[in-house]
1. Would you mind telling me the share, in percent, of accessible area of the stretch 220-323 contributed by carbon and sulfur at probe 1.4 angstrom?
2. Which one of Ala254, Ala126, Ala156 has the biggest mean-square fluctuation once the chain is modelled by GNM with Cα springs under 10 Å?
3. If you take the square roots of the eigenvalues of the alpha-carbon gyration tensor of the stretch 189-297 and sort them as a ≥ b ≥ c, do you get rounded (a/c under 1.5), prolate (a/b over b/c) or oblate?
4. Under a 10 Å cutoff between Cα atoms, tell me which one of Ala128, Ala287, Ala11 has the largest fluctuation in the Gaussian network model of the chain.
5. Can you give the Rg to Rh ratio for the chain, taking only C-alpha atoms and Rh from Kirkwood?
6. Return the whole-Å distance between the Cα centroid of the stretch 93-164 and the Cα centroid of the stretch 1-64.
7. Output the Cα-based Rg and Dmax of the stretch 26-101 in Å, rounding Rg to one decimal and Dmax to a whole number.
8. Considering only DSSP beta bridges with both partners in the chain, what is the antiparallel share in %, to the nearest 5?
Amino acid sequence: MTRRLPETIEARMATLFETDVNEADATLTAEDILLGLAGKDVLVSTITDRIDADLVARLPKSVRLIAQFGNGVDNIDLDAAWNAGLTVTNTPSVLTEDTADMAMALMLALPRRLVEGTQLLLQNRAWAGWSPTSMLGHRLRGKALGIIGMGRIGTAVAQRARAFGLNIHYFSRQQRPLAIETPLGATYWDDLDAMLSAVDIVSLHTPLTRDTANILSAERLSRMKKGSTVVNVSRPELIDEPALIAAIETGHLAGAALDVFDNRQGINPRLLALAEDCRVVLTGHMASATLEARLEMGETVIVNIRTFMDGHQPPHRILPDKLTARGAK
């Protein structure tokens, strides 16, 4: 186990399996991962572990399963794992509601100036009282929300946003059935560029793949309506971050609310400056950070391992894109 998990989950794993835990709970290097896997059957990984083709090729022969603690698996080279005969699993579904809640919270935080309102009170240590023109923001009702990726989480966000009076638009690989579209009053767009120019808020809910990396490129950000905003609770690599920063600095975009952002060499100082200016809201990858979600994720990992060890196909097996497209089992 490359990271510490909730105490009850670790205890359950210890009763079912012989476990080796990264007690320091710090991100491991490839060498550290390899050292800890000697004689092990299963690697319980997280999104912070880079399991590339080189690492897969060097895994001990005893390793047969990579059980990811998390929904996203873009940190794992699935093609290399498949070619090496490894099974990869993840923990989908259990994160849906909490992630959708956070997306909605971020969607509200920016136009209603929630962070700025708190900072104002803390900085001044006093409040002059209510004023008709104090801390004016913008309402959500009547605005157009464009969702990129209408899967489980995107649909859950649409349900919440509809209750707030937002008009739902979405771009996805496939149009959703009428049974989903109709209650949401959702409009499907097969042209992402056209949708971006028509909506007031863009919320990202697509997995990171070769096709979706930088899906909000500099060119696409320039197509967005002046004064519109971006919400991202998915992956930072979906957005050209320097271009997003520039679009907010110039005033083309009103701002962004980001639960994920590039932190490989520290947070971009320009992004932090925008956050200090309350044009960007930043949270530290908190979308799925509820105790309930983490416990359910751990239980799902246990189910995947136990099923695999019993000689059956685990319920949350992940295949490379090329095999998924062919319907491989």
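The values are calculated or read from the model by the stated rules, or taken from the named source; none is laboratory data. From a predicted model like this one, the values you see are computed outputs, not experimental measurements. Accessible surface areas use protein heavy atoms only, side chains included; no ligands, DNA or RNA. Shrake-Rupley method; radii C 1.70, N 1.55, O 1.52, S 1.80 Å.
1. The nonpolar share, carbon plus sulfur, comes to 52 percent.
2. Ala126
3. Taking the square roots of the gyration eigenvalues as a ≥ b ≥ c, the stretch 189-297 is oblate.
4. The residue with the greatest mean-square fluctuation here is Ala128.
5. On the Cα set of the chain, Rg over Rh gives 1.00.
6. 37
7. Every Cα atom of the stretch 26-101 included, Rg and Dmax give 12.8, 42 Å.
8. Looking only at bridges with both residues in the chain, the antiparallel portion is about 5 percent.
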